[in-house]
Every structure is written in C-alpha cells, then in structure tokens.
Amino acid sequence: MKPLFGKIVSNKMQKSVLVEVARIVKDPKYGKYYKKTKKFMAHDEENVCNIGDFVRLSGTRPLSKRKRWNVEEITRKAERMQVACGAEETK
C-alpha cells in the first residue's frame, strides 16, 4: 500500500492513535480545488505520538475492526507550550 501522511488528532487510546489525512481534490465540473480529510485509526506500539504530531502511516494486516495502519515514523513533532509554575499573582 502507498504510505499516508497525516496529523494526530487523538491519542486517548492505548497503543492506538487517530490520524487525519488531508488531500487536495479537483472538482470535475467546475475545476475548483478543495481539501478533503479522512480519519484513520493507526497502531502506535510505544505510545510515543502526541496530538499535533505529523506521522507517516504504512499499511498492515487488520489489527482490529478499524485498525489497518501502523505508525511508521514521526515526521514532525508538535510544539509544546511551557506553563510557568509558581508565578506570583499581582493585585
């Protein structure tokens, strides 16, 4: 199967992630381009993927009812915001 590239939108499951894959489609009648998205369940063995990461998926044998993809690699990590602890309040 051809590899897919997408963004992690959910990682609330154990060893599974939900990946949103976007593609550009041309309307056959009017010629306008628009973006279509589809969500795929994928297997993440080490639970290293976080929301916002961009990943490459490869096809695999059926692992469950909805999982047919495996996370091959994380191509770009999402930026994390640091929250300062112990900040003093001003009155």
Report task. May I ask what percent, to the nearest 5, of DSSP beta bridges between residues of region 4-76 are antiparallel? Result -> 90
Query raised in the report: Bin by bin, in steps of 5 Å, what percent of the Cα pairs in the chain do you find, going until the bin that has the longest distance?
Result: 3, 13, 20, 18, 12, 9, 9, 6, 4, 3, 2, 1, 0
**Report entry** Normalised contact order of the chain, rounded percent, pairs of Cα under 8 Å and 6 or more residues apart
**Finding:** 27
Query raised in the report: Out of residues 5 or more away from Ser16 or on other chains, whose amide H comes under 5 Å of its own, with H placed 1.01 Å from N in the peptide plane?
Result: Asp44
Query raised in the report: Residue-wise, which Karplus ³J(HN,Hα) couplings in Hz belong to region 11-27, taking 6.51 cos²θ - 1.76 cosθ + 1.60, θ = phi - 60°, and x for glycine or proline?
Result: 9, 7, 9, 7, 6, 9, 9, 10, 10, 9, 10, 10, 9, 9, 10, 9, 5
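At 0.36 nm per residue, minus the direct Cα-Cα distance, what do Val9 and Lys77 gain on full extension? Give it in nm, one decimal, please.
Once the chain is fully extended between Val9 and Lys77, it gains 23.2 nm.
Please report the net charge: other residues with Cβ closer than 15 Å to the Cβ of Ile51, K and R +1, D and E -1.
Details: positive: Lys7, Lys12, Lys39, Arg76, Lys77, Arg80; negative: Glu20, Asp44, Asp53, Glu79.
Net of charged neighbours comes to +2.
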Requested in this report: Between beta-carbons, use under 10 Å as the cut-off and find the net charge around Tyr33, counting Lys and Arg +1, Asp and Glu -1.
Outcome: +2
Query raised in the report: For Arg66 and Tyr34, what does the FRET efficiency come to when R0 = 25 Å and r is the distance between their Cβ atoms, rounded to the nearest 0.05?
Result: 0.45
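Readers should treat all values here as calculations from the given coordinates under stated rules, not as data from a laboratory. The structure displayed is predicted, hence computed values, not measured ones. Every residue, glycine among them, receives a Cβ derived from its backbone with ideal geometry; neighbour counts consider all protein chains shown.
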